[in-house]
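Everything on this sheet refers to the single structure shown next.
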Amino acid sequence: MLSRSGRPFATWLFRPFVKAAVALHVSANQATVVGSVLSASAAIGLLATDHLALGAWVVTFLVIFDSLDGQIARATNTTSSFGAFLDATMDRMVDGTIFGSLIVWSLRYGDPRFEMWTVVCGIAALTFALTTSYAKARAEAQGLSANVGWIERTDRLVVLLLTAFLTGVGAGDHWIMDGMVFLAAAGFVTVVQRMRHVYRQFVARESPGQGR
């Protein structure tokens, strides 16, 4: 998954920012909140107002910049359960604003021929994205794992921002619709994969040696 393979790059890219944040006594939680608010604001202020190409670049930078919180926490030895909770919660807020901003763009500026599919699949894709995250959190609360599936957060963001950029540079309004259709389908499959994975763990835990 891109979320795992891209982590070393983000660590290297933002090492100077991490050092500066530590020197200025910026906490990981402060970085989480600031980065998330900036990302959500950029999505609403640029993507939803027909500045797709610029918005895609700005939101991409800010989302990568949002990885600063984890690096600061590790650098200052201040990792915490609340920090992980805050980060996951703010990530859902950012995801919702990006999906919502592109849906608003489709309703206000997009080609009417693609409007219905973009809106319907956009809502479905967001629903499955949130369910994917919830399934993992709920499984971990039960002492299980659900880190499987076709698509994770970083993959979704790449699809959303890439299709927004392509549309913004004139490649065609259908790109955002195509992205939403893909994310809706991949999101559904991922939810089913996680449910199946967790179910198998429940069966193995409750009936050891009696696989189904």
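The values are calculated or read from the model by the stated rules, or taken from the named source; none is laboratory data. Since the model is a prediction, treat every value here as computed from it, not as a measurement. Positions of Cβ are generated from backbone atoms using ideal geometry, with glycine treated the same way; all protein chains shown enter the neighbour counts. In case anyone asks, the SASA skips ligands and DNA or RNA and just uses the protein heavy atoms, side chains included. Shrake-Rupley method; radii C 1.70, N 1.55, O 1.52, S 1.80 Å.
Table for the structure above
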item	result
Test result for VAL104, farther than 19 Å from ALA43 by Cα, assigned to a helix (DSSP H, G or I) and of a type in the set (A, V, I, L, M)	no
Residues satisfying the stated conditions in the stretch 163-212, i.e. free of Cβ contacts under 8 Å to residues at least 12 places away in the same chain, in a loop (DSSP other than H, G, I, E, B) and open to solvent by less than 60 Å² (accessible area, probe 1.4 Å)	ALA171, GLY172, SER207
Set TRP150, TRP175: member being within 23 Å of VAL94 (Cβ to Cβ) and either in contact with a strand residue (DSSP E or B) (Cβ under 6 Å, 6 or more places away or on another chain) or modelled with pLDDT of 95 or more (or both)	TRP175
Residue list for the stretch 63-91, restricted to those being surrounded by fewer than 15 Cβ atoms within 10 Å (Cβ to Cβ), on the phi < 0 side of the Ramachandran plot and part of a loop (DSSP other than H, G, I, E, B)	THR78, THR79, SER80
Within the stretch 114-137, tally of residues that are free of Cβ contacts under 8 Å to residues at least 40 places away in the same chain and of a type in the set (D, E, K, R)	1
Counted residues, the stretch 141-156 - those being of a type in the set (A, V, I, L, M), buried (at least 17 other Cβ atoms within 10 Å of the Cβ) and under 13 Å from ALA186 (Cα atoms)	1
Long-range neighbours under 8 Å by Cβ, at least six apart or interchain, first residue under 18 Å from VAL159 (Cα atoms) within the stretch 53-79, second open to solvent by 20 Å² or more (accessible area, probe 1.4 Å) and outside any helix (DSSP H, G or I)	ALA53/VAL169
Filtered residue count, the stretch 92-140, keeping only those that are open to solvent by 20 Å² or more (accessible area, probe 1.4 Å), of a type in the set (S, T, N, Q) and within 19 Å of ALA53 (Cβ to Cβ)	1
Qualifying residue in the stretch 71-82 (condition: farther than 25 Å from THR167 by Cα, modelled with pLDDT of 90 or more, over 15 Å from the mean Cα position of the chain (by Cα) and not small (Gly, Ala, Ser))	yes
Some residue of the stretch 21-29 being of a type in the set (S, T, N, Q), free of Cβ contacts under 8 Å to residues at least 40 places away in the same chain, part of a helix (DSSP H, G or I) and open to solvent by 50 Å² or more (accessible area, probe 1.4 Å)	no
